Amino acid sequence: MASTSEVYEDYIQEHQTWNFVVNSLDLTFYNLAVSFIFGATVLSLYASYLTASAVLIGLLPAIQSVGYFLPQLLTARRAGWLARKKPLVQKISVFERLPYLVVALSILLWPKAPSWFSYSLLALCLAVATGSGGLASPAWKSMLAKVIPVERRGRLFGLSRALGGLLGVGGAAYARHVLDAYPYPTSFGICFLLCFCFQALSWLCLSLNREPAREPTKPEESATSYWRRLPGVLGDNPNYARFLVGRSLVIMSTMATTFYVIYGRAAYDITDAFTANLTMAALISQTVSNPLLGWLADHRGNIWVMEVSTLAGGMGLLMALFSSSATWLYGVFMLANAATTGMALAGMSITMEFGDAEEMPIFSALANTITAIPILLAPILGGWIVDVAGFWTLFIAGLSFAVAGCAVMHWCVREPREVECEDPKDARSCVSI
């Protein structure tokens, strides 16, 4: 008679293709949804209609990022001890999607709302949406770690981002039509509504996961013990701690991303429709780069992908520095988006590899909570630099952080899979890289 462990593993193997497909569709539709309100173009452009302050424009991506990363430690302990993660993820992720419908309806039903009200509602809805995503993230990642083998995760993220980017090119093309055909702010209301519709499809695909129950092998930890031992996780895992330092520097190098479209309006007087063209360029870059980066992450490791992505972001900053016309912005956005998505792909995958299945939610949540500080600081500091010293200084500052972050990743951080494979006591599977 097969043991409980054997039955569990057989179930995973039997349904791994199904789970690969539905999770790919979940991420694909989510990425497609985002293309209609692409943060570095459409969302920044909408914010620029509501406020002239670069700091307030930079605050919106900071709210999104911190909302996602900061609250993860609050649910990581519970996620680690749940036999099945999907029910919790389903409940929380509803509130990750509904706020975009609220923004859409507010624009369409009250188009002449005061700018301060529209900005405040947008900021609040982004905080609720991303905060809900952050609360669900530890359980979601833990579910993925259960149902998707380690050697297929890079391809999962790479393929889904590529498909989302490919469909997103069409989404961005339609967003361009909407921005060109409809007056402000109706055009933005339609974009937010389309975003919500495809996020709803994403949720349906998420709900199709086939996740078997697995009881934890360790006794449930008290909340007091959990919070007290978090600092020790860094001390006991120096490679993990060095990775967080490098990742923080890399995040700071992205401080200019939010302001490229604002730079385009100031320097070259680009139109709303041209902004949508930049979204298409960025998504084409995503479509081409992510399958390759996902494959490389599986075969060369996530640290290597992080380094390459950081170098791409640095090249985008150099191109912005020496640009002489609006046409250069296409290259800037293609490099910047390849860098951002590559960093996200590698960062998401690698935090699944520092701990075992039960510890993984804690490692992932701790990494995201710590890096919430540079994530909050980067766009706000970038906006302050623009207001005080101009775009040229902003690009130089971002480039300096890119060089420092790439250096730390290259010389100070080791691929966790390599470390595991050298440890004869480690029972987890090693992946050749």
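The values are calculated or read from the model by the stated rules, or taken from the named source; none is laboratory data. Values in this document were obtained by computation on a predicted structure and should not be read as measured data. Neighbour counts are summed over all protein chains in view; Cβ atoms, including those assigned to glycine, are modelled from backbone coordinates with ideal geometry. Surface accessibility is based on the protein's heavy atoms, side chains included, excluding ligands, DNA and RNA. Shrake-Rupley method; radii C 1.70, N 1.55, O 1.52, S 1.80 Å.
Taking the longest Cα principal axis of the chain as reference, the axis of helix 86-109 is set at about 10 degrees. Relative to the longest principal axis of the Cα atoms of the chain, helix 302-321 runs at roughly 10 degrees. Would you tell me the accessible area of W384, worked out with a 1.4 angstrom probe on the heavy atoms of the protein chains, in Å² to the nearest 10? Here the residue's solvent-accessible area equals roughly 140 Å². Compared with the dominant Cα axis of the chain, that is its longest principal axis, helix 150-181 is turned about 20°.
The base-10 log of I(q)/I(0) for segment 137-179, evaluated at q = 0.16, 0.34 Å⁻¹, reads -0.57, -1.04 [Debye formula, identical scatterers on Cα atoms, solvent excluded]. Each Cα pair under 8 Å and six or more residues apart adds its separation to the average, and for the chain the resulting relative contact order is 28 percent. Ordering of 268-278, 304-314, 110-120, 370-380 by packing is 304-314, 370-380, 268-278, 110-120, highest average first (other Cβ atoms within 10 Å, averaged per residue).
Sequence-ordered 3J(HN,Hα) estimates for segment 237-249 from the Karplus curve with 6.51, -1.76 and 1.60 and θ = phi - 60° stand at 10, x, 5, 5, 5, 5, 4, 5, 5, x, 5, 5, 5 Hz, glycine and proline given as x. Share of carbon and sulfur in the accessible area of the chain stands at 68%, probe radius 1.4 Å. Note on A267 and C412: the extension gain reaches 48.3 nm, defined as 0.36 nm multiplied by sequence separation minus the Cα-Cα distance. Over segment 1-149, what is the mean sequence separation of C-alpha contacts under 8 Å (at least six apart), divided by residue count, expressed as relative contact order in percent? Relative contact order comes out at 37 percent.
Taking 0.36 nm per residue of separation and subtracting the Cα-Cα distance, full extension of the segment from A52 to F95 would add 12.5 nm.
Taken about its Cα centre, the chain carries a charge dipole of about 620 debye when Lys and Arg each add +1 at the Cβ and Asp and Glu each add -1 at the Cβ.
Label separation (R228 vs A173): 6.1 nm, computed from points 7 Å beyond Cα along the C-beta direction. Projected over all directions and averaged, the alpha-carbon convex hull of the chain occupies 20.0 nm².
Remark: accessible surface ordering of M315, M334, M343 (largest first) is M315, M334, M343, probe radius 1.4 Å. Between R210 and W81, the contour length at 0.36 nm per residue exceeds the Cα-Cα span by 44.6 nm.
With the highest mean first, a sort of the peptides 142-150, 392-400 on other beta-carbon atoms found within 10 angstrom per residue produces 142-150, 392-400. Computed from phi, the 3J(HN,Hα) profile of segment 401-416 under the Karplus parametrisation 6.51, -1.76, 1.60 (θ = phi - 60°) reads 5, 4, 4, 5, x, 5, 5, 5, 4, 6, 9, 10, 10, 9, 4, x Hz, with x in place of Gly and Pro.
The charge dipole of segment 63-154, taken about its Cα centre with unit charges on the Cβ atoms of Lys, Arg (+1), Asp and Glu (-1) only, comes to about 460 debye.
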